[in-house]
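Okay, structure first, notes after.
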Amino acid sequence: MKKQFVITVKQLVLYLFLDQGIAVLLMIPFMFHAIHKGLKGPALQDYLSNSSGALCVMIICCIITIAVFQKKRYVSFKPGRIAPSNYLKAAGFAMLIAWGWEFTEGAAIQLMGIDKMFPEEEEHFDMMNKMLSTPLGLIAAGILVPITEEIAFRGILVGGMLRMRLKPWIAILLPALVFGLAHGTYTQFVGTTIFGIICGWLYWRTRSLLPGILVHITNNTTVFCIVAFSNDPTGDIPTKYCLLLLAIFLPLLAIGLRWYNQKIRS
């Protein structure tokens, strides 16, 4: 257990250096350029988050992280316990889980008014929507970031804790809580923690990152579509439509999870 703990910590440190440390170094020229232009406060933060240069840096760091972890075989992108005859079904039910949770969470947030409890976080979501409204944002936050986050939170943390012989519920829950905290908002905390539990459970069931990656990419790219094709993606949804979303998508989530809870090998 001690040896595996050291391995997990080393892999996590490497991930933070590749995914975050290199990004900070590459962003230094952009920061000086922005300060030279007189940007500060929210304008500076927006520039450092959503400029084409910043998104390119994010893409580069994600690609480096994925390549290094794959080459060193710290994580595997193999199907694990999923039988070849079930590949298409596994992909379909993973997407069902993604849509089921995304619209269930959105409706629940609206019904409970969670987004109204923290109005100071609206600026954060405006910046995220701006990022996701561009092609570079789609590649970075919609596709590559989900892969690197699954490497970190499920591949390194959940996988490492399972190899330490911790109980599965501990190995799934603790990284999910860190995943929720890492998103940095009160509005998202509960939802992203539950999302992390779902992806962690999928990893435990299949011993594969692929279902969680597909769920994560589907979730983020669906947000991109909503932002791209909606005039007001952050607007309030009437209560009757929230209830309709729950009635439709909560059962879809349950159906997807139920399939993965059954024997996934034929």
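The values are calculated or read from the model by the stated rules, or taken from the named source; none is laboratory data. Quantities reported herein were computed from a predicted structural model and do not represent experimental measurements. Cβ sites come from the backbone with ideal geometry, for glycine too, and all protein chains shown count toward neighbours. Heads up: the accessible areas ignore ligands, DNA and RNA and are worked out on the full protein's heavy atoms, side chains in. Shrake-Rupley method; radii C 1.70, N 1.55, O 1.52, S 1.80 Å.
Put +1 on the Cβ of every Lys and Arg and -1 on every Asp and Glu Cβ in the chain; which of Gly38, Phe153, Ile170 then has its Cα farthest towards the positive end of the dipole? Looking along the dipole axis, the top candidate is Ile170. By the Stokes-Einstein formula, at 1.306 mPa s and 10 °C, region 37-181 with its Kirkwood radius over alpha-carbon pairs has D equal to 88 µm²/s.
For region 43-104, the solvent-accessible area with a 1.4 angstrom probe is 51 square angstrom per residue.
Solvent exposure of region 181-252, expressed per residue, is 50 Å² of accessible area, with all protein chains present and a 1.4 angstrom probe.
Counting only protein heavy atoms, what percent of the accessible surface of the chain is carbon or sulfur at a 1.4 Å probe? C and S fraction of accessible area: 70 percent. For the chain, treating each Cα as an identical point scatterer without solvent, what Debye log10 I(q)/I(0) comes out at q = 0.15 1/Å? Result of the Debye calculation: -1.20. Each pair of Cα atoms in region 112-222 enters the Kirkwood radius, and Stokes-Einstein at 37 °C and 0.692 mPa s then converts it into a translational diffusion coefficient of 225 µm²/s.
When only the Cβ of Lys, Arg, Asp and Glu is charged (+1, +1, -1, -1), the dipole of region 104-207 relative to its Cα centre reaches about 840 debye.
As a rough guide to protection, the peptides 88-100, 71-83, 8-20, 198-210 ranked by mean Cβ packing within 10 Å, highest first, stand as 198-210, 88-100, 8-20, 71-83.
With a/c under 1.5 counting as rounded, go ahead and sort region 63-105 into rounded, prolate or oblate using the C-alpha gyration tensor (a ≥ b ≥ c being the square roots of the eigenvalues; past the cut-off, prolate if a/b is larger than b/c, else oblate). Note, shape of region 63-105 comes out oblate. From the square roots a ≥ b ≥ c of the eigenvalues of the alpha-carbon gyration tensor of region 98-158, which class results: rounded (a/c under 1.5), prolate (a/b over b/c), or oblate? Verdict is oblate for region 98-158.
Here, P(r) means the percent of Cα pairs in each 10 Å bin from 0 to the largest distance; for region 149-197 it is 32, 52, 15, 1. Report note on the peptides 102-115, 135-148: ranked by the mean count of other C-beta atoms within 10 Å, highest first, their order is 135-148, 102-115.
Pairs of lysines in the chain whose Cα atoms sit within less than 20 Å of one another amount to 11, provided the residues are eight or more positions apart or on different chains.
When Rg and the Kirkwood radius Rh are both evaluated on Cα atoms of region 1-101, their ratio Rg/Rh stands at 1.14. The mean sequence distance of close C-alpha pairs (under 8 Å, at least 6 residues apart), as a share of the length of region 21-120, puts its relative contact order at 18 percent. If you take all other residues with their beta carbon under 15 Å from the beta carbon of Leu250, and give Lys and Arg +1 and Asp and Glu -1, the sum is -1. Need one word for region 187-250: rounded, prolate or oblate. Basis is the Cα gyration tensor (sqrt eigenvalues a ≥ b ≥ c); a/c below 1.5 gives rounded, then a/b vs b/c decides. Since a/c reaches 1.5 and a/b is larger than b/c, the shape of region 187-250 is classed as prolate.
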